[in-house]
Amino acid sequence: MVGSGDDGGEGDGDHFEVLKGMDPEADERAELLKDRFRLSVISIATSEAKKVNMEVAEPVVACIADLAFKYTEQLARDVELFAHHASRKSVKMEDVILSAHRNEHLANLLRTYSQELKGKQLQTESKKKRSSKKDDKEIRD
C-alpha cells in the first residue's frame, strides 16, 4: 500500500495488518480473501505434486501458500508504487511488467501475455463493430 511505511523489510510484511481494525467489515473481507488465496495455492500445489507422483507434507504446502501470499502482497505494493510514480491512480500492465524487471524470463512472459491480450481485445472490438454495423443494416431494411 502506498504510504503504509511497510517496505517489505522487517516484520512479517502482512499488508492486511496495516489497516486492521479501521473497518471491521473490510477486515472480514480481507481475511476471507486471504483464506481463499491460501486455499487456492494449496489446491494448486497439491494438484501439481500429484501430476508428478509426489506427496508434499502439509507444513510445506502451508509454507508455499504463505510465501505466495507474501509475494503477492509485495507485488501489489510494487505495482501500486509504479502507478503512483507515473502519477496514475490505476495500475496498468506496464506496471506489472516493470515489477518483473529482476526476472527477465518472467518479464518476457508478461510481455508476451500482454501482447496476446491486446490482440484478443482488438479482435473482440472488431467483432463488436461488425455486429453493430450488421444490426444497423437490419434495422434500416
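The values are calculated or read from the model by the stated rules, or taken from the named source; none is laboratory data. Please read all numbers here as calculations on a predicted model, not as lab measurements. Positions of Cβ are backbone-derived with ideal geometry, glycine not excepted, and every protein chain shown enters the neighbour counts. These area figures cover heavy atoms from the full protein model, side chains too; ligands, DNA and RNA do not enter into them. Shrake-Rupley method; radii C 1.70, N 1.55, O 1.52, S 1.80 Å.
When the stretch 37-50 is examined, which residues are found to be among the charged types (D, E, K, R) and more than 13 Å from ALA62 (Cα to Cα)?
Selection gives GLU48, LYS50.
Could you check how many residues of the stretch 116-127 are modelled with pLDDT of 85 or more and either surrounded by 11 or more Cβ atoms within 10 Å (Cβ to Cβ) or aliphatic (A, V, I, L, M) (or both)?
2
If I filter the stretch 70-80 down to residues being surrounded by 18 or more Cβ atoms within 10 Å (Cβ to Cβ) and not acidic (Asp, Glu), which single residue comes out as farthest from LYS118 (Cα to Cα)?
The qualifying residue farthest from LYS118 (Cα to Cα) is ARG77.
Tell me the residue from ARG102, ARG130, ARG88 that is modelled with pLDDT under 90 and not in a helix (DSSP H, G or I), please.
After ruling out the rest, the residue left standing is ARG102.
Suppose the filter is at negative phi, in contact (Cβ under 8 Å) with a residue 60 or more places away in the chain and touching a helix residue (DSSP H, G or I) at 6+ places or on another chain (Cβ under 7 Å); does GLU55 pass it?
Spelling it out, it is not the case that GLU55 is at negative phi, in contact (Cβ under 8 Å) with a residue 60 or more places away in the chain and touching a helix residue (DSSP H, G or I) at 6+ places or on another chain (Cβ under 7 Å).
Filtering the stretch 40-84 down to residues that are within 13 Å of the chain's Cα centre (by Cα) and among the aromatic types (Phe, Trp, Tyr), which residue is nearest to ILE97 (Cα to Cα)?
TYR71
If I filter the stretch 8-28 down to residues being surrounded by 11 or more Cβ atoms within 10 Å (Cβ to Cβ) and under 17 Å from ALA76 (Cα atoms), which single residue comes out as modelled with the lowest pLDDT?
Among residues in the stretch 8-28 that are surrounded by 11 or more Cβ atoms within 10 Å (Cβ to Cβ) and under 17 Å from ALA76 (Cα atoms), the one modelled with the lowest pLDDT is GLY8.
Among the numbered criteria (1) modelled with pLDDT of 95 or more; (2) open to solvent by 100 Å² or more (accessible area, probe 1.4 Å), which one does VAL52 miss?
All conditions are met except number (2).
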